[in-house]
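The structure under discussion appears below in the form of structure tokens.
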Amino acid sequence: MPLLLTIETATKLCSVALGRGEQLLAIREIDSEKLAHAEKVNVFIAEVMEEAGLPLKDLDAVAVGIGPGSYTGLRIGLSAAKGLCYALEKPIIGLSTLGTLVAAARQQHGPFTGTLWPMIDARRMEVFAQPYKPDGQAMADAAPLILDEAWAALPEARVVFGDGADKAAQLWTKQSGITQMEGVRPSAAFMLAGALERYQAQHFDDLAYLVPEYGKGANVNVAIKAN
């Protein structure tokens, strides 16, 4: 089985895991409001390799979460992954953070009936979301979504999870058709199965052109000076 390093930094969770195929060998993660990604991600990489007693050169591939999610977090995680792959001449695999949330929910709480809705907090009552079938197959592309009572009242059976769903818990309590799975997070441990599938298919990303999927354009305010 290939030795796979997985990195997920799209949310407040900074998570790094090492696996032999789907078998988890070591993991380090921190879920912090302070967004400690920049100071922790490379430390975590060193620590999981040390715990497993393996050198970085033994890695077969590096998988990294590409969002949607935090601009800063995604850039930090992808930069770390690309740096390793360039230096070690290893392939890189970009994985959807929403897909990792689905893998986490299915492993921790499945099986499900109804449409799966992983949600990543995008501030206020907006989330990045994507519908999935109960078997984990995506039904549409990821997109920003405003959470309100109209969306919650739709008649279809839905399972919602992720930090975006957790922040809107008051909406779900009023709807019998919605089941909320609290505390589901995109841990790098749940990336191993997807990374292994991609590795076995030799479906790698272009190291130079892999970019984050931010979910929406940056909100940049430009100050204009008066003459």
Checklist entry - Under 15 Å from a point 7 Å along the Cα-to-Cβ line of Gln108: which residues of the stretch 29-54 have their amide N that close? => result 29-32
Checklist entry - Under the classification rounded if a/c is under 1.5, otherwise prolate if a/b is larger than b/c and oblate if not, where does the stretch 73-199 fall, given a ≥ b ≥ c as square roots of the Cα gyration tensor eigenvalues? => result prolate
Checklist entry - If you rank Phe44, Phe128 by fewest surrounding Cβ atoms within 10 Å, what's the result? => result Phe44, Phe128
Item to check | Length released on extending from Tyr209 to Ala153, taking residue separation times 0.36 nm less the Cα-Cα span | outcome: 16.1 nm
Item to check | Lysine pairs with alpha-carbon atoms under 21 Å apart, the chain, spacing 8 or more or separate chains | outcome: 12
Checklist outcome for this item: Calc'd 3J(HN,Hα), the stretch 24-40, phi into Karplus 6.51 cos²θ - 1.76 cosθ + 1.60 (θ = phi - 60°), Hz, glycine/Pro = x, comes to 6, 9, 6, 8, 9, 7, 9, 10, 9, 5, 7, 6, 8, 4, 4, 8, 9
Item to check | Segment Glu33-Ala138, extension gain: residue separation times 0.36 nm, minus the distance between their alpha carbons | outcome: 34.9 nm
Next on the checklist: Quick one: 3J(HN,Hα) in Hz for the stretch 108-122, Karplus 6.51/-1.76/1.60 with θ = phi - 60°, rounded, Gly and Pro as x.
Outcome noted: 8, 10, x, x, 10, 10, x, 6, 8, 10, x, 9, 10, 4, 10
Next on the checklist: Tell me which GluC sites (Glu not before Pro) from the stretch 1-33 have a DSSP coil assignment and no more than 15 other beta carbons within 10 Å of their own.
Outcome noted: Glu22, Glu33
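State the extension gain, in nm to one decimal, for the chain segment bounded by Tyr71 and Glu126, taking 0.36 nm per residue of separation less the distance between their alpha-carbons.
Length gained between Tyr71 and Glu126: 18.3 nm.
Read the figures in this text as sums done on the coordinates, not as results from a lab. Keep in mind it's a predicted model, so treat the numbers as computed, not measured. Cβ coordinates were reconstructed from backbone atoms using ideal geometry, including for glycine residues, and neighbour counts include every protein chain displayed.
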